[in-house]
Amino acid sequence: MLSGPGVSFELFPPKTPQGMEKLLAALGDLASLSPRFVSVTSGAGGSGREEETISAVRAVMTASGLPVMPHMTCVGRTEDELLDVLRGYHEIGVKNILALRGDRKADAPAPRPSGHDLHAIDLIRIVNRHFGEHFCVGGSAYIEPHPESLGRDRDFHYMKEKQEAGMAFAVTQLFFENRLYYDYLDACARHGIDMPILPGIFTITDGAWIREFSATHRVTIPPALRSALDRHDGDGEAIRRIGLDHTLAQVRDLAAHGVRHLHIYTMNRSENPRIIWQAFTNA
């Protein structure tokens, strides 16, 4: 799935028919870039509603014929419920799963009486135990500590456990400082983690949103980038230009450091991803 240089794109399930039309139009453009795969998040806006994901996965597979990797969350679910979802994906020809714990939503079921919610490693084990010859299983990587992290040593211990449980690759949380990614790869190597870890590339288009996201998800905004966003606060066009310029500098630096695959968070648009991929391949 990941041999050689390539690109992959993340999409999210639209909430409306008009949104689906826009998604499929963007997908037609993105497909011309020959992505290695397309991922689809777990419900619109990461809601965790599996039916939204399954519907979008079907539409993307039908429209493009590309390999599709649905995000699958396990928080608040039982093994039997997860197996039902996996059987459904198996039946429609899905070959790849991104196994995630997921965030508990306000309308999610209460924790099970045992008090033990399933975690990503449980889902990885379930997939490989029941569908090990069918699904390639990926997961997430936090190059900056997750808000619930209990310490970096433990984080790397969990990543190694996931690798040993059958996680074949990981996709990083979005980041804006490449040094953090390089340092993370070095630390993974020291801990015996040798699976591919794809850089998740996100372009800022909304200054207020990214400030809130970075604060709640522990994502570093480099001082120069934050200063530029602050200076142009309220100027949407300037923010978009600043965001794209920063991303282009990022991917050129990644290429210079030998990175061979980008995973681009598209927000269901194709214009910036096309520009980013061209800059990466021309670097």
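The values are calculated or read from the model by the stated rules, or taken from the named source; none is laboratory data. Bear in mind the structure is a predicted one, so any value in this text is a computation, not a measurement. Ideal geometry is used to build each Cβ from the backbone, glycine not excepted, and the neighbour counts take in all protein chains shown.
Within the span defined as the range 202-219, one or more residues are in contact with a Phe, Trp or Tyr (Cβ under 7 Å, 6 or more places away or on another chain), buried (at least 20 other Cβ atoms within 10 Å of the Cβ), more than 22 Å from Ala120 (Cα to Cα) and modelled with pLDDT of 95 or more. Of the residues in the range 49-56, at least one is part of a helix (DSSP H, G or I), modelled with pLDDT under 95 and polar (S, T, N, Q). Quick check on Leu66: is it surrounded by fewer than 19 Cβ atoms within 10 Å (Cβ to Cβ) and either in contact with a Leu (Cβ under 6 Å, 6 or more places away or on another chain) or assigned to a loop (DSSP other than H, G, I, E, B) (or both)? So Leu66 passes the test. For the range 143-158, the set of residues classified as without any contact (Cβ under 8 Å) to a residue 24 or more places away in the chain, surrounded by 12 or more Cβ atoms within 10 Å (Cβ to Cβ) and of a type outside the set (Asp, Glu) consists of Ser149 only. If you check Ala189 against the conditions, is it surrounded by fewer than 20 Cβ atoms within 10 Å (Cβ to Cβ), small (Gly, Ala, Ser), more than 23 Å from Asp253 (Cα to Cα) and at pLDDT 95 or above? Here the answer is no, as Ala189 does not meet what is asked.
Filtered by the rule that a residue be crowded, with 18+ Cβ neighbours inside 10 Å and not hydrophobic (A, V, I, L, M, F, W, C), the range 129-142 gives Gly138, Gly139, Ser140, Tyr142. Residues that are more than 23 Å from Ser39 (Cα to Cα) and more than 21 Å from the chain's Cα centre (by Cα) number at least 3 in the following helices (runs of 4 or more DSSP H) confined to the range 194-257: 223-231, 236-256. Exactly one residue out of Arg211, Arg231, Arg218, Arg240 is of a type in the set (Lys, Arg) and touching a Pro at 6+ places or on another chain (Cβ under 8 Å), and it is Arg218.
Would you mind stating whether Ser227 is polar (S, T, N, Q) and surrounded by 15 or more Cβ atoms within 10 Å (Cβ to Cβ)? No, not satisfied.
Scanning the range 1-32 for residues that are farther than 13 Å from Thr266 by Cα and in contact with a strand residue (DSSP E or B) (Cβ under 9 Å, 6 or more places away or on another chain), which turns out modelled with the highest pLDDT? The selected residue is Gly6. Annotation note: Cβ proximity below 8 Å between a residue of the range 176-200 that is charged (D, E, K, R) and a residue that is surrounded by 19 or more Cβ atoms within 10 Å (Cβ to Cβ) (sequence gap 6+ or interchain) occurs for Asp183/Ile143; Asp194/Gln163; Asp194/Cys188. Whenever a residue of the range 203-216 is under 20 Å from Ser270 (Cα atoms), its partners that are modelled with pLDDT of 95 or more and among the small types (Gly, Ala, Ser), lying with C-beta atoms within less than 7 angstrom and at least six residues away or across chains, give the pairs Thr203/Gly243; Ile204/Gly243; Thr205/Gly243.
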